[in-house]
Amino acid sequence: MLDLIIRNARRAGQTETTVDIGVKAGKIVEISPKLNAETSEEYDAKGNLVTAPFVDSHFHMDSTLTRGRPRNNESGTLLEGIALWGELKPLLDAEDIKARAHQLCQWAIAKGNLAIRSHVDICDPSLLAVDALLEVVEEVKPYLDLQLVAFPQDGFLRDPNAKAQLLRALDKGVHVVGGIPHFERSMSDGSQSITELCKIAADRGLMVDMHCDESDDPLSRHVEMLAQETSRFGLQSRVTGSHLTSMHSMDNYYVSKLIPLMNEAELHVVANPLINITLQARHDSYPKRRGMTRVKELATAGLNVAFGHDCVMDPWYSMGSHDMLEVASMGLHVGQMTGRSEMREMFQAVTSNGAKALQLDGYGTDVGCNADLVILQAHDEIEALRLRPARLAVFRRGKKIAMSPEQSSTVFMGDNSISVDFTIQN
Ligand code: FE2
């Protein structure tokens, strides 16, 4: 006796037509073209796309949904955003942080995003946001996986208290070691911060995810150091370089040396297309750089490239609804990832590649995986990127936790009312 059968599902990344997916005790236990087993519940996917959940590999839950407090970011720059966040931090309390985080998590669930890696600023001496978000991690656990990164926003070395506070945050249970080497006082301080932070991660058996080279400076070289220290401390496949926007502006010859070094360290790369295209190149006149890292070249070289939303309605970015298909679509356009396999790679950047960076267990749509599944009103990944369609149903461990009505439009022409369907059956 099964708990659930999802019928007529078209699994992302599979060539089969449609299958039935059998679920028991929160796991996918059977997949076949036609399941005859008894079940307590059925859901007819009607030939629509079924995917494992979207993964947001880079987010800031402590600042989300604060747009306009205490004022707007008028210049649109990263540095005004950081200054504005500094003004806002003393005004926050735990209740406010938790309420905003829960609201964002509800948006995430509705959009089918069931895993989020959020950086949390540890530079506030009270660690208010750390305590509040650790509570949120437990409260949302039945619905989504929230992973926290200890993020020294004001600089691990530049802020004299950051080192002790980062260790305290990790002691409290924050999952991942963060950093921001390009915001330290000098290149050498940035390098030193990378060494110290990788050592902390190695000593504690933790993953690393650093904001790294988030600038337009073609000579910013922290990712080189991050790759070197990752290999030196034996942290291969456990370290993520987030943003890496300076790679956009680097000399091609240097990049031809850098990418193999990153590959050797098995670095994960996280780009944040919505934020990179808006925050970077603010000092350029024309032509203006795009500011996103070299997604195409990194993916072609075999690195794991995932995407994050980074911000939703906060000091750095006033837009967004936490739709990871919007993120993937922006990455596709900015990175000119328009080949068919490249477009599918963009879908993976917000699904399986993110799961790999976050080291999520039981992720996928195969037998044995968690029954965490999202039904999209689309026939394949490319159509999903084109339409950013309704999440018809979202399942977590086999239980439906969100649903949206099918999107449809009616056009009136003369005496006719015509139902418009934007999907195309290939
Ligand atoms: Fe960030």
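General remarks:
- The residues of the stretch 372-419 that are under 19 Å from Lys111 (Cβ atoms) and of a type in the set (Phe, Trp, Tyr) amount to a single one, Phe395.
- Selection count where residues are closer than 23 Å to Leu358 by Cβ, within 16 Å of the ligand (Cβ to nearest atom) and either outside any strand (DSSP E or B) or of a type in the set (A, V, I, L, M) (or both), scope the stretch 208-233: 7
- Residue that is nearest to Ile180 (Cα to Cα), among those in the stretch 54-84 that are open to solvent by 10 Å² or more (accessible area, probe 1.4 Å) and touching a strand residue (DSSP E or B) at 6+ places or on another chain (Cβ under 8 Å): His60
- Flag if Thr195 is farther than 17 Å from His268 by Cα and part of a helix (DSSP H, G or I): yes
- The stretch 93-108: number of residues that are surrounded by fewer than 20 Cβ atoms within 10 Å (Cβ to Cβ) and not aromatic (Phe, Trp, Tyr): 9
- Count of residues meeting criterion [β-branched (Val, Ile, Thr) and in a strand (DSSP E or B)] in the stretch 282-309: 1
- Among the candidates Val420, Val350, residue that is among the β-branched types (Val, Ile, Thr), closer than 19 Å to Arg10 by Cβ and either in contact (Cβ under 8 Å) with a residue 60 or more places away in the chain or surrounded by fewer than 16 Cβ atoms within 10 Å (Cβ to Cβ) (or both): Val350
- Residue in the stretch 250-258 that is without any contact (Cβ under 8 Å) to a residue 60 or more places away in the chain and touching a strand residue (DSSP E or B) at 6+ places or on another chain (Cβ under 6 Å) present: no
- If you filter the stretch 56-78 down to residues that are within 14 Å of the ligand (Cβ to nearest atom) and either more than 22 Å from the chain's Cα centre (by Cα) or of a type in the set (Gly, Ala, Ser) (or both), you find that the one that is nearest to Asn353 (Cα to Cα) is Ser57.
- Counted residues, the stretch 200-217 - those being under 25 Å from the mean Cα position of the chain (by Cα) and open to solvent by 40 Å² or more (accessible area, probe 1.4 Å): 3
- Some residue of the stretch 136-152 being within 16 Å of the ligand (Cβ to nearest atom), outside any helix (DSSP H, G or I) and over 19 Å from Gly354 (Cβ atoms): yes
- Condition met for Val312 (surrounded by 24 or more Cβ atoms within 10 Å (Cβ to Cβ), within 16 Å of the ligand (Cβ to nearest atom) and in a loop (DSSP other than H, G, I, E, B)): yes
- Of all the numbered requirements in (1) open to solvent by 50 Å² or more (accessible area, probe 1.4 Å); (2) within 16 Å of the ligand (Cβ to nearest atom), Arg340 misses one, and that requirement is (2).
The values are calculated or read from the model by the stated rules, or taken from the named source; none is laboratory data. Because the structure is predicted, anything quoted here is derived from the model rather than measured. Every residue, glycine as well, gets a Cβ built from its backbone with ideal geometry; the counts of neighbours run over all protein chains shown. Quick note on the areas: whole protein, heavy atoms, side chains included, nothing else; ligands and nucleic acids left out. Shrake-Rupley method; radii C 1.70, N 1.55, O 1.52, S 1.80 Å.
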